[in-house]
Amino acid sequence: MTALPEGLTAGTWNLDPAHTDATFTVRHAGISKVRGQFTTVSGSLQVGDSLEDLRFESVLEVASISTGNADRDNHLKSEDFFGAAEHPEIRFVSTKVEGDTLHGDLTIKGVTKPVALDFSYEGATTDPFGVFRAGFSGETKISRKEFGLTWNAALETGGVLVSDEVRISIDAQFVAPTAA
């Protein structure tokens, strides 16, 4: 049993969406990277008596996807990719913690697959407004095809327009449970 890191106390911590980034990176045309984020996120962190008891759940609203290009964002929301009308959320629910790895189930476009995130506790502090906060970061890679995101276009010179591998990063800040 691994003791809780300093500053982390048992209870339900709420995700602070204003101080959380959920981002992704994918190779485009094999020569560059496209980055994007989901600007509407929600979630919570359940902290128990040990680090192994930690449980994290988050929801990303597909309609909030932003890559800095409106045409690309609309294409990503379409049935070719996320199908936002039928599948408005991406959901992650953790299942266990092993060392620096957070395991969980990721659901995209109605498909749920286990994933493992390399994660770290970034610390805790009281902000200037008296709110106690804790931060975590995590990263993983997924195959978008495994989640039914199969649209692509062949390139004249060989290869495809959008890589299968997607890197996902989250920097999350949580607000401590209030004392009863």
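Taking the stretch 1-60 as the range and being hydroxyl-bearing (Ser, Thr, Tyr) and either modelled with pLDDT of 95 or more or part of a strand (DSSP E or B) (or both) as the test, the residues that pass are 12, 20, 23, 25, 32, 39, 40, 42, 44, 58. If only residues of the stretch 152-180 that are loosely packed, with under 15 Cβ neighbours inside 10 Å, in contact (Cβ under 8 Å) with a residue 12 or more places away in the chain and touching a Leu at 6+ places or on another chain (Cβ under 9 Å) are counted, the one that is nearest to residue 80 (Cα to Cα) is 161.
Pairing residues of the stretch 40-52 that are within 16 Å of residue 89 (Cα to Cα) with residues that are in a loop (DSSP other than H, G, I, E, B), at Cβ distances under 6 Å and at least 6 apart in sequence or on separate chains, gives 41/20. Residue check: residue 5 meets all listed conditions (1) without any contact (Cβ under 8 Å) to a residue 40 or more places away in the chain; (2) touching a strand residue (DSSP E or B) at 6+ places or on another chain (Cβ under 7 Å); (3) of a type outside the set (Lys, Arg); (4) under 19 Å from residue 137 (Cβ atoms) but one, namely (1). Close Cβ contacts (under 7 Å, 6 or more residues apart or on different chains) running from residues in the stretch 62-83 that are under 14 Å from residue 26 (Cβ atoms) and part of a loop (DSSP other than H, G, I, E, B) to residues that are acidic (Asp, Glu) and at pLDDT 95 or above comprise 67/73. For the stretch 63-101, residues that are within 17 Å of the chain's Cα centre (by Cα) and closer than 30 Å to residue 5 by Cα total 10.
The values are calculated or read from the model by the stated rules, or taken from the named source; none is laboratory data. The structure displayed is predicted, hence computed values, not measured ones. Positions of Cβ are backbone-derived with ideal geometry, glycine not excepted, and every protein chain shown enters the neighbour counts.
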